[in-house]
Amino acid sequence: RDFDDLGYVEKTDFLLREWVTLIHSPSGIREPTKAFGTFVQHLNMHGFLKTDDVITRFFRISTRLCVDMCCQALTEQSNSPTVVRTKCYQTLDAYVKLIALLVKHSGDTANSGTKINLLNKVLGIVAGVLLHDQDAHTLEFQQLPYQRMFIMLFLELNAPEPILETINFQVLTAFCHTLHILSPSKAPGFSYAWLEIVSHRVFLGRMLALTPQQKGWGMYSQLLMDLFKFLAPFLRNAELAKPVTLLYKGTLRLLLVLLHDFPEFLCDYHYGFCDVIPPNCIQMRNLILSAFPRNMRLPDPFTPNLKVDMLPEIAHAPRVLTNFSSMIQPPNFKKDLDSYLKARAPVTFLSELRGNVQISNEPGMAYNIPLMNALVLYVGTQAINYIRSKSHTPNMTTIAHSAHMDIFQNLAVDLDTEGRYLFLNAIANQLRYPNSHTHYFSCTLLYLFAEANSEAIQEQITRVLLERLIVNRPHPWGLLITFIELIKNPTYKFWLHEFVHCAPEIEKLFESVARSCM
Amino acid sequence: LGQDLTALGLNLNSPDNLYPTFGGPWADTPCRPQDIDFHVPPEYLVN
Amino acid sequence: PLGPVPLQKEHQRQFQMLDAAFYHLPLPSDSEKLRSYLARTPCPSPPYYPQVPLPDTDSLEFYQRLGNETLFFIFYYMEGTKAQYLAAKALKKQSWRFHTKLMHWYQRHEEPRVINDEYEQGSYIFFDFDNWIQRRREGFTFEYKYLE
């Protein structure tokens, strides 16, 4: 350690200031690479690029110095916010420019490993300083310097330059990895900046549009899962404090852009998203479930005598990119499930079902929701395969009297109100655009209604559908066609039920929906 | 009943993609042309 | 039927941090390159002023309907943006040409007296951004090596 700590910090501070001045000078603006060459010689002369350790210290101290300068400026009330921010931007942007040039020019052109290693190192250092800063400053933590460093470095490294195009996917991977480390649950003080970066138009374009073969989609879905997991406990309690409302509305805006520009992305990852979005968060879930492939034309759900099972797409299985089957735990429960599906025995399996999905007696938290969701989708997909293996297609007859339907009917009867609500939600979450899952689960919901041995079950099925219909748009196509069938088809004797007339406004609501169907 | 999602400042009927001018999660309006970085010929960087 | 669920301790801590961050929200300019002029910083204007951009204002057709001085303002004060790019395109559509050394926009005032492979010479008008005025220049030599 041939640098004393204090002397080292001072030297770093001196060099950093020299760089900021150099890169903002007219010659530096016109020829940044030339200015960079000069500055790298200075770094070398001071031994700052000698070893990995020394480079790490240089970046950690530089990051700290930039953050301190920025926070210092932000606390000075004398200047206007614009002046303060311009001062922050100039230093932060210069530091980012240095990092970008070091990444671009480190190692030889062919060897992208050196470049990416350096980028990962720097991103890791900035993330480390951020987390340490957040813990140290808690409620005084300022997100600005870190947001600026990340987004400006991202923009610099996504400029249309050949040298950057060759390493772009690794650059995206490095940023996604860093943003996952800084997810809102781990860095709540950075949440707004985090969503700003994840929603940035250039970030969206690179992750979801420009990267070939949708290679960025999996990483982006992981970031959205991080966001939903953070929001979940606050959204779960419906009444939202202002800070949460702002983050929630920001999330809705982002989801609307995804629904409009990348609906296939939402189609592919809907399952994972709905697994973490609280069941009472109806509109946001509807937004995700309303996505359908752009090349698909959805028939108007209100078309009289619409023959859903005649639609060409109805037989196609949708892509579900979550391995929901592996989420059925513990392993011996999965084994018993598979053997029941195969042999429709032993009957005891059915009476033990509830015990597998119930995790406590705590009201509101009694059930394992991810397990319920996985169980429903797994049994449903097995049922579709089974019906297909008999060369049939799902309908009210072919889905009945099977091991699969035994399980669903048992859950409908055996669960309490909370458990049945989650069970029916798991089914309703599959009512999306025309595909084999929508079709099967629509039939299943209607079958459970028709075969219910108590009006409470029928009322709850109606409630689950209704609460998804009365929220503001958008509404998933599969939800609409199921509800229309329920109120239109005399088989279900819908209008004869007491609960349909339980209150004038409910009755009016049903009639208004009925009028728009007939 | 949730939000009126048509009132969040996004032109949901636009035939073009929204993301290139997306103003961000807090923005009520899309980015204007003067907000969008463009790799103009270097000679244009007159300032 | 789920009813409310009390926040766990960890979630309460997270909420406190989020609540504190709520008072240091990002500004639009925090995610934008530093602009010499006209940064993307919201400025509250009277409600009766248009609060959202007019429709279709990011098309070349719209820029072609703008007056020259507006196009010059956009070109010199919104550099590095799509607006500058559109303004340059609209100017070129009206036979303005950018001199990369003088950084002025020129338009022939009449057919040049001399034209050869290196340059053309004649009477031009150009926009003098220093004095913000359109001027005539007689006998000016426009060397093609400075033609964008």
- Message: Show the residue pairs meeting these rules: Cβ distance below 6 Å; 6+ apart or different chains; first residue within the range C:71-82 and more than 12 Å from B:Pro33 (Cβ to Cβ) and more than 7 Å from chain B (Cβ to nearest Cβ); second residue of a type outside the set (A, V, I, L, M) and not in a helix (DSSP H, G or I).
- Response: C:Phe72/C:Phe127; C:Tyr77/C:Tyr37
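Yes/no matrix, rows are residues, columns are (1) within 14 Å of chain C (Cβ to nearest Cβ); (2) surrounded by 20 or more Cβ atoms within 10 Å (Cβ to Cβ); (3) assigned to a helix (DSSP H, G or I); (4) of a type outside the set (A, V, I, L, M, F, W, C):
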| residue | (1), (2), (3), (4) |
| --- | --- |
| A:Thr393 | no, no, no, yes |
| A:His404 | no, yes, yes, yes |
| A:Val413 | no, no, yes, no |
| A:Asn425 | yes, yes, yes, yes |
| A:Arg432 | no, yes, no, yes |
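Of the residues B:Asp37, B:Asp4, which is in contact with a helix residue (DSSP H, G or I) (Cβ under 8 Å, 6 or more places away or on another chain), surrounded by fewer than 17 Cβ atoms within 10 Å (Cβ to Cβ), within 7 Å of another protein chain (Cβ to nearest Cβ) and not hydrophobic (A, V, I, L, M, F, W, C)?
Values: B:Asp4 fails: in contact with a helix residue (DSSP H, G or I) (Cβ under 8 Å, 6 or more places away or on another chain).
From the options B:Asp37, B:Asp4, the qualifying one is B:Asp37.
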- Item | Unmet criterion (only one of (1) in contact (Cβ under 8 Å) with a residue 24 or more places away in the chain; (2) within 29 Å of A:His497 (Cα to Cα)) for A:His401 | (1)
- Looking only at the range C:94-103, decide whether some residue is farther than 25 Å from B:Pro20 by Cα, in contact (Cβ under 8 Å) with a residue 40 or more places away in the chain, within 11 Å of another protein chain (Cβ to nearest Cβ) and among the charged types (D, E, K, R). yes
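Of all residues in the range B:8-22, which are within 8 Å of chain A (Cβ to nearest Cβ) and either out of contact with any helix residue (DSSP H, G or I) (no Cβ under 9 Å at 6 or more places or on another chain) or not hydroxyl-bearing (Ser, Thr, Tyr) (or both)?
B:Leu8, B:Gly9, B:Leu10, B:Leu12, B:Asn17, B:Leu18, B:Pro20, B:Phe22
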- Message: So if I check each of A:Leu195, A:Leu131, A:Leu139, which one is of a type outside the set (Phe, Trp, Tyr), surrounded by fewer than 19 Cβ atoms within 10 Å (Cβ to Cβ), in a helix (DSSP H, G or I) and facing chain C (nearest Cβ under 10 Å)?
- Response: A:Leu139
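Here is a list: A:Phe39, A:Phe58. Which entry is outside any loop (DSSP other than H, G, I, E, B), touching a residue at least 24 places away in the same chain (Cβ under 8 Å) and under 18 Å from A:Lys115 (Cα atoms)? I'd like the intermediate steps shown before the answer.
On the way: A:Phe39 fails: under 18 Å from A:Lys115 (Cα atoms).
A:Phe58 is the lone residue from the list that is outside any loop (DSSP other than H, G, I, E, B), touching a residue at least 24 places away in the same chain (Cβ under 8 Å) and under 18 Å from A:Lys115 (Cα atoms).
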- Can you tell me which residue among A:Ala73, A:Ala100 is among the small types (Gly, Ala, Ser), modelled with pLDDT of 90 or more and within 29 Å of A:Leu172 (Cβ to Cβ)? A:Ala100
- Query: Looking at the range C:63-71, is at least one residue in a strand (DSSP E or B), modelled with pLDDT of 95 or more and over 29 Å from A:Ile29 (Cα atoms)?
  - Reply: no
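Every residue, every condition in (1) part of a loop (DSSP other than H, G, I, E, B); (2) facing chain B (nearest Cβ under 9 Å); (3) farther than 30 Å from A:Gly113 by Cβ; (4) at pLDDT 95 or above, yes or no:
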site	(1), (2), (3), (4)
A:His177	no, no, no, yes
A:Gly189	no, no, yes, yes
A:Leu227	no, no, yes, yes
A:Glu239	yes, no, yes, no
A:Gly250	no, yes, yes, yes
A:Leu256	no, yes, yes, yes
A:Pro279	yes, no, yes, no
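The values are calculated or read from the model by the stated rules, or taken from the named source; none is laboratory data. Since the structure is predicted, the reported quantities are computational estimates derived from the model, not experimental observations. Reconstructed Cβ throughout: ideal geometry from the backbone, glycine too, with neighbour counts over all protein chains shown.
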